[in-house]
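S.K.: Before we start, here is the structure in question, set down as structure tokens.
The values are calculated or read from the model by the stated rules, or taken from the named source; none is laboratory data. This is a predicted model, so every value here is computed, not measured. Note: ideal-geometry Cβ built from the backbone for every residue, glycine included; neighbour counts use all protein chains shown.
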């Protein structure tokens, strides 16, 4: 498969009044043509910053201190803002989290959807608007011709997110970055938006990076999943690998705190104890160690490397080291292993 | 929209009626009399003069008489200014005041918007600091101090503009500049605050993610959205410029109505006080009406009539 995007050893720092926050601390991943990669993790783990680094849409106090972002082998971090403008909204575009605030309140939606076309193509305003209308129909805005001249406040939340998606896909981007596109929507609308994204992916053949903290959403859309914690990836693999053969204790914690059909309705949901580390002064060893019931001495001292679980499945935990003691994951995770074997996999 | 404007015009008359009534009674509470040479007049003479102006009647009767006159567009006759009708008095002296007022408002608003926008875009740089410094100066130096400074340097020392004269555009430059400082400072500060907010909003990030170059993000998305609250302060600002102009007109010897207003109050020139108060109120209400219409033009969310419906 073609790697259209590859991020290597990305480091992002933020200058704050309290000092430098090391928000991203060495992230590596790639995106294959036509696939959907989900990045999951709790708030503040650096998911958004990671993908915003790709488009260099970071806050002014952020610096990408190290790393490469290779788009078809071309390092985007070496490009000027002007060169990046040519890619943004054209080759790589982005869907934002909150549809209520992402649209310009004083511009008609027709113009907002047509804008990327006018910026990137030598096209008349009339043709751009015509194309915008088609795309609005494609994303499921009823009677788009009549609504082109309406303003964002005249649409519901779900419709606005469809418009935001229309803006992102209007110029048929190669890569679509969806930054929690369903978080601000209610559950039924969430499902519609995910179906829409899947449908659009097939129609225009774009690759998607999908960011979410909702594992339920991930299962519905992703081919591969990367789990992020405190500015680093801790585990990545196919959806089945992550859901049914998770190896990192953090992934265990995430999956264990998600209710399943087997969850007793009177039971309290599990949660991971403690809080994420302060990235002003990142821990020397595994950042998850203080919250990890399975932590060992070495977790405090040295960051674990990625251990290979299977061909495309890697996890950064010392538990996978050949010398590590054998531990028993939580019962819910063992249940998942059983399902994995039923799927034909070979759970550890 | 037409219906809305019609309604507003109806309210305008109601407001003017209330203002006229309140001013009338407040004015009657002013100490002193309109006749400065009262001591030299005999009781009979005074009686005759008072009767001539209808001042011998009770306040109630005077009020009703005045209001009836007002309905016919008659603002009475000035006691002081050559016994001229108040309407003629306002008419003659309106042009210079309006000219410097409008010039100052337009210049101040445009420069203020630019200054505030530049400060916001170059947030936390020396450009921002300089812009903030200028706008604070504009806000805190009273127009009469600025007027005297401008007069001293630009007119007396460097002889670029006349000291105090009223004939052509040249002579309106200094008073306009003196009055510009306040709207400029006010608008610049509002604009900066608002634009900093807008620049960090989600839709600006989305605009950037579309591939808009920075100048286009500002021109197409940030500017219009930042203007919404700036429009709000145009009304109160117009009040400040009008009251400021009274003193400035005095300094530059401009034959405007501001100067007359001050004189009419110190001399208990009742018809002139009333006429000017009603006129100023009328002007302000019109400014507020224009501001409200501007609002709708800039922000579709508060557009009146069908446009605002979901």
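S.K.: Counting residues that are touching a residue at least 24 places away in the same chain (Cβ under 8 Å), which helices (runs of 4 or more DSSP H) fully inside the stretch A:236-313 reach at least 1?
M.R.: Details: elements: A:239-244, A:249-256, A:297-301.
In the stretch A:236-313, A:239-244, A:249-256 are the helices (runs of 4 or more DSSP H) which contain 1 or more residues that are touching a residue at least 24 places away in the same chain (Cβ under 8 Å).
S.K.: Okay, moving on. When the residues of the stretch A:88-105 are filtered to those that are in contact with a strand residue (DSSP E or B) (Cβ under 7 Å, 6 or more places away or on another chain) and facing another protein chain (nearest Cβ under 7 Å), which remaining residue is surrounded by the fewest Cβ atoms within 10 Å (Cβ to Cβ)?
M.R.: Taking the candidates together, the pick is A:96.
S.K.: Considering only the stretch B:105-150, state which residues are assigned to a loop (DSSP other than H, G, I, E, B) and within 21 Å of residue A:60 (Cα to Cα). Full working, then the answer.
M.R.: Step one: filter the stretch B:105-150 for residues assigned to a loop (DSSP other than H, G, I, E, B), giving B:122-125, B:141-142.
Result: B:122, B:123, B:124, B:125.
S.K.: Same structure, new question: So how many residues does the stretch B:210-224 have that are at the interface with another protein chain (Cβ under 8 Å from one of its Cβ atoms) and assigned to a helix (DSSP H, G or I)?
M.R.: Let us first name the residues in the stretch B:210-224 that are at the interface with another protein chain (Cβ under 8 Å from one of its Cβ atoms), namely B:210-214, B:216, B:220-221, B:224.
Next cut, assigned to a helix (DSSP H, G or I) only: B:214, B:216, B:220-221, B:224.
Going through the stretch B:210-224 one residue at a time, the tally reaches 5.
S.K.: Can you spot a residue in the stretch B:195-203 that is out of contact with any helix residue (DSSP H, G or I) (no Cβ under 7 Å at 6 or more places or on another chain), within 14 Å of another protein chain (Cβ to nearest Cβ), at pLDDT 85 or above and closer than 30 Å to residue A:48 by Cα?
M.R.: Taking the stretch B:195-203 as the starting set, the residues that turn out to be out of contact with any helix residue (DSSP H, G or I) (no Cβ under 7 Å at 6 or more places or on another chain) are B:197, B:200.
From the residues that got through so far, the ones that are within 14 Å of another protein chain (Cβ to nearest Cβ) too are B:197, B:200.
Next, from what is left, pick out any that are at pLDDT 85 or above: B:197, B:200.
Narrowing further to those that are closer than 30 Å to residue A:48 by Cα: B:197, B:200.
The answer is yes, given that some residue of the stretch B:195-203 is out of contact with any helix residue (DSSP H, G or I) (no Cβ under 7 Å at 6 or more places or on another chain), within 14 Å of another protein chain (Cβ to nearest Cβ), at pLDDT 85 or above and closer than 30 Å to residue A:48 by Cα.
S.K.: Restricting attention to the stretch A:55-83, report how many residues are at the interface with chain B (Cβ under 8 Å from one of its Cβ atoms) and closer than 22 Å to residue A:34 by Cα.
M.R.: Of the residues in that region, 1 qualify.
S.K.: Looking at the stretch B:199-242 only, could you name the residues that are under 13 Å from the mean Cα position of the chain (by Cα) and without any contact (Cβ under 8 Å) to a residue 12 or more places away in the chain?
M.R.: Initially, the stretch B:199-242 is screened for residues under 13 Å from the mean Cα position of the chain (by Cα), giving B:233-242.
Result: B:236, single match.
S.K.: Tally up the residues in the stretch A:313-342 that are under 27 Å from residue A:29 (Cα atoms) and loosely packed, with under 12 Cβ neighbours inside 10 Å, please.
M.R.: Here the count works out to 1.
S.K.: Could you go through the stretch A:118-136 and let me know if any residue there is over 26 Å from the mean Cα position of the chain (by Cα), free of Cβ contacts under 8 Å to residues at least 60 places away in the same chain, at the interface with chain B (Cβ under 10 Å from one of its Cβ atoms) and within 27 Å of residue B:297 (Cβ to Cβ).
M.R.: Taking every residue of the stretch A:118-136 in turn, at least one turns out to be over 26 Å from the mean Cα position of the chain (by Cα), free of Cβ contacts under 8 Å to residues at least 60 places away in the same chain, at the interface with chain B (Cβ under 10 Å from one of its Cβ atoms) and within 27 Å of residue B:297 (Cβ to Cβ).
S.K.: Scan the stretch B:228-286 for residues that are within 14 Å of chain A (Cβ to nearest Cβ) and surrounded by fewer than 17 Cβ atoms within 10 Å (Cβ to Cβ) and report the count.
M.R.: Of the residues in the stretch B:228-286, the ones within 14 Å of chain A (Cβ to nearest Cβ) are B:228-231.
Then drop every residue that is not surrounded by fewer than 17 Cβ atoms within 10 Å (Cβ to Cβ), which leaves B:229.
The total comes to 1.
S.K.: Quick test for you: out of A:113, A:170, A:164, pick the one residue that is within 12 Å of chain B (Cβ to nearest Cβ) and in contact with a strand residue (DSSP E or B) (Cβ under 8 Å, 6 or more places away or on another chain). Explain how you work it out, then say what you get.
M.R.: Working: A:113 fails: in contact with a strand residue (DSSP E or B) (Cβ under 8 Å, 6 or more places away or on another chain); A:170 fails: in contact with a strand residue (DSSP E or B) (Cβ under 8 Å, 6 or more places away or on another chain).
Answer to the selection: A:164.
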